[in-house]
Structure formats: structure tokens, C-alpha cells
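Undergrad: Let me begin by handing over the structure; questions about it come next.
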Amino acid sequence: MPDLLSLTWSHLQEAKAAPNGRSAARIVHDGDLRQTVVGLAGGTELGEHNSPHAATLQVLHGRVRVVSESGDDELGTGSLHLLTHERHSVLALEDSVFLLTTVTGPSAPTPDAGH
């Protein structure tokens with residue numbers, strides 16, 4: 001498995017150097033489960049978009065604001081946020097890196113043993 005601390009610093013540097021202020025890489029892909037490290041230079045926004053079936057955002061470094069119809073949530077390093085099923089945007093209030101965990105669809109039911 002990748003080292004999140006190393007990924008945090010490398011994506012932070014890549015985002016700061018990128019013309020669009022972003023850097024991202026999927027680090028886990030297992031069925032419907034995906035985890036992506038996202039780096040955003042301060043002031044960069046991921047415009048409004050839909051949430052997948054289920055998702056969380058965990059700030060690894062920095063501060064971000066998640067904006068949705070339900071309101072704004074400001075999150076700092078170590079914060080974990082459940083992304084609702086509303087359209088939302090993410091704004092980096094400072095140079096930031098977060099771990100986005102998503103489930104893209106409902107999992108298939110597990111067959112009962114012996115049936």
C-alpha cells in the first residue's frame with residue numbers, strides 16, 4: 001500500500017507547480033471502492049459536481065471548504081467529512097491535500113453460505 005505521508009507531500013508540490021493548481025492519483029481501486037489523493041494549491045476550486053453513491057473526504061494537510069446546498073463546512077488537517085448526495089464544490093483555503101474515498105455503486109449482495 002502507498003505511504004500517505006509521502007503522497008501528501010508529493011501531491012502538494014505537484015499541485016503548486018501545476019497550471020491548474022491540482023494533482024490527483026487513484027491509490028486504491030477494489031470493486032466499487034476507490035481512494036484518491038487530491039492536492040490543491042491554495043485558492044483552487046473543484047467546481048460543483050455530483051457525489052458518488054457514498055463518499056468521504058479526509059484532509060491530510062491544509063484547509064478546505066466544502067460547499068453544498070446544506071451549507072458550507074470548513075475542514076482542517078485530520079478532519080473527516082461525509083459527502084452527502086448533494087452537488088458540492090471543494091475550495092482549498094490554503095495549499096491542501098485530501099483523501100477522497102468513494103463507493104461508486106451498491107455492492108452486490110453476499111450469497112448465504114449453504115443456500
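Coordinate-derived values only; no laboratory data. As the structure is a computational prediction, the values presented were derived from the model and not from experiment. In this analysis, Cβ positions are derived from the backbone assuming ideal geometry, glycine residues included, and neighbour counts consider all displayed protein chains.
Undergrad: If you keep only loop residues by DSSP, which trypsin sites (Lys or Arg not before Pro) in region 40-97 have at most 15 other Cβ atoms within 10 Å of their Cβ? Before the final figure, lay out each step's value.
TA: On the way: sites: Arg63, Arg65, Arg87; in loops: Arg87.
The qualifying sites are Arg87.
Undergrad: Would you order Thr8, Thr36 from fewest to most other beta-carbon atoms within 10 Å of each residue's own beta-carbon?
TA: Ranked by crowding around the Cβ, least crowded first: Thr36, Thr8.
Undergrad: Something else now. Calculate, for Leu33 and His85, the FRET efficiency according to 1/(1 + (r/R0)^6) with r their C-beta to C-beta distance and R0 22 Å; round to the nearest 0.05.
TA: My answer for the efficiency is 0.80.
Undergrad: Among Val64, Val59, which comes first, second and so on when ranked by fewest other beta-carbon atoms within 10 Å?
TA: Fewest to most other Cβ atoms nearby, the residues stand as Val59, Val64.
Undergrad: Mind checking the alpha-carbon convex hull of region 4-103 and giving the volume per residue in Å³? Please list the in-between numbers first.
TA: Details: hull volume 8.2 nm³, N = 100.
Each residue corresponds to 82 Å³ of Cα convex hull volume.
Undergrad: Which residue, chosen from Gly71, Gly21, Thr104, occupies the Cα position most advanced towards the positive end of the dipole of the chain, where the dipole is computed from +1 (Lys, Arg) and -1 (Asp, Glu) charges on Cβ about the Cα centre?
TA: Gly21
Undergrad: Normalised by the residues of region 1-81, what does the relative contact order come to in percent, with Cα pairs under 8 Å and at least six apart?
TA: 21 percent
Undergrad: If amide hydrogens are placed 1.01 Å from N in the peptide plane, which non-local residues have theirs closer than 5 Å to the one on Glu94?
TA: Gly43, Arg63
Undergrad: Please give the contour-minus-distance gain from Thr56 to Glu94: 0.36 nm per residue of separation, less the Cα-Cα distance, rounded to one decimal in nm.
TA: Details: separation 38, 0.36 × 38 = 13.68 nm, distance 1.99 nm.
Extending this stretch completely gives an extra 11.7 nm.
Undergrad: Once the Cα atoms of helix 4-17 and of the chain are each reduced to a long axis, what angle between those two axes, in degrees from 0 to 90 to the nearest 10, is obtained?
TA: In the chain, helix 4-17 runs at an angle near 50 degrees to the longest axis.
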